[in-house]
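A.B. asks: Please find one structure pasted underneath; my questions will follow.
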Amino acid sequence: MRIAYFVPVLLVIITFSFTAKSQDISIKYISSKTNLIEVPKNKAKFNYSTSKFSDGKIEHVISDIKTGIIVDSEYYLVNEPIGKWLKNGKILDYNFELNRVKNTGCSDTLKKVGIENIFLDDDSLEYKAPVFSENYLSIQSFLLKNISYPIRSLNNGFEGTVVIGFYINESGKIENTYVNQSLDPLFDKEAMRVIRLLTFKNAPMLSNEFVKTCFFQSITFMLED
């Protein structure tokens, strides 16, 4: 996956807060939001604070050292992303349950009749594919536009594939998302977050009838050489 970096928009946004009393707070100086290596204060551009709470929650906040404006924020329960993050001027919503299911008994009706790509029409099988609500040409273009590679995994050189299962209801909305093939909480939660953003103008149709079937989408997080 190609990793794109964007010029951050400096905004003060209250994204998420913990009510538990902080147990431990540490602050260090860094020169880059994407490289958390500590540097001397006179060479730093950002403050990087970490607050650990007695209930296992962890808060990481990056602020501009000159203005004090928060430019990035992350929240975890142990090592699982939670709450609403601020990344590159965008809000990433991880405020949902991480569902992992190895075997749902899900029957992929479309594959059974020969549909290999759920996002492409197949006139020979009278299949009408769901159409993206926004002007994406493919699921790959949607993923590239919306995926945020976890910075901690990026810095540690971690990569791999997550498989997300989901349904498209009669209104073209995504429901019942779950992790069918897990990697780790960071990748799993990000993959689920992105799939939950999908919306379609129509439901999948087979012989002019709505077909309820589960879909599986592989999302590969890959670092460039």
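All of the numbers you see were taken from the coordinates with simple rules; none came from a lab. Bear in mind that the values here come from a model prediction, so they are computed numbers and not experimental data. No Cβ is skipped: glycine too gets one built from the backbone with ideal geometry, and neighbour counts run over all protein chains shown.
A.B. asks: Go through Val101, Ser49, Ile195 and say which Cα lies farthest out towards the positive end of the charge dipole of the chain; charges sit on Cβ, +1 for Lys and Arg, -1 for Asp and Glu.
C.D. replies: Highest projection toward the positive end goes to Ser49.
A.B. asks: When the helices in the chain are scored as -39500 (n - 2.57) per DSSP H run of 4 or longer and the sum is shared across all residues, what 222 nm value do you end up with, to the nearest 500 deg cm²/dmol?
C.D. replies: Per the formula, -3500 deg cm²/dmol.
A.B. asks: Once you order the gyration tensor axes a ≥ b ≥ c over the Cα atoms, which shape class does region 24-144 get: rounded for a/c under 1.5, otherwise prolate or oblate by comparing a/b with b/c?
C.D. replies: Prolate shape, in that a/c is at least 1.5 and a/b is the bigger ratio.
A.B. asks: Amide H of Lys57 versus every other amide H placed in the peptide plane: which residues, excluding those fewer than 5 positions away on the same chain, fall under 5 Å?
C.D. replies: Amide H neighbours of Lys57: Val78.
A.B. asks: Going down the table (Lys33/Lys57; Lys28/Lys173; Lys66/Lys173; Lys87/Lys112), which pairs top 32 Å between alpha carbons?
C.D. replies: From the list (Lys33/Lys57; Lys28/Lys173; Lys66/Lys173; Lys87/Lys112), the Cα-Cα distance tops 32 Å for Lys28/Lys173; Lys66/Lys173; Lys87/Lys112.
A.B. asks: Can I ask one more? Return a whole-number percent for the relative contact order of the chain, with Cα pairs under 8 Å and 6 or more residues apart as the contact set.
C.D. replies: Value for the chain: 19 percent.
A.B. asks: Something else: With θ set to phi - 60° and the Karplus curve 6.51 cos²θ - 1.76 cosθ + 1.60, what are the ³J(HN,Hα) couplings of region 114-130 in order, to the nearest whole Hz, using x for Gly and Pro?
C.D. replies: Calculated HN-Hα couplings, in order: x, 7, 8, 10, 5, 9, 10, 4, 9, 5, 5, 10, 6, 9, 10, 6, x Hz.
A.B. asks: Let me ask something additional. Which one, Met205, Ser148, Val131, is farthest towards the positive end of the dipole of region 93-225 when Lys and Arg carry +1 and Asp and Glu -1 on their Cβ?
C.D. replies: The listed residue farthest towards the positive side: Ser148.
A.B. asks: Specify which labelled value, from [x] 1.59; [y] 1.18; [z] 1.08, agrees with Cα Rg over 2.2 N^0.38 Å derived from the coordinates of the model shown.
C.D. replies: From the options [x] 1.59; [y] 1.18; [z] 1.08, the structure gives [y].
A.B. asks: Okay, moving on. Tell me which of Val78, Ile118, Ile91 sits at the most positive position along the dipole axis of region 53-150, charges placed on C-beta atoms (Lys, Arg +1; Asp, Glu -1).
C.D. replies: Most positive-ward Cα: Val78.
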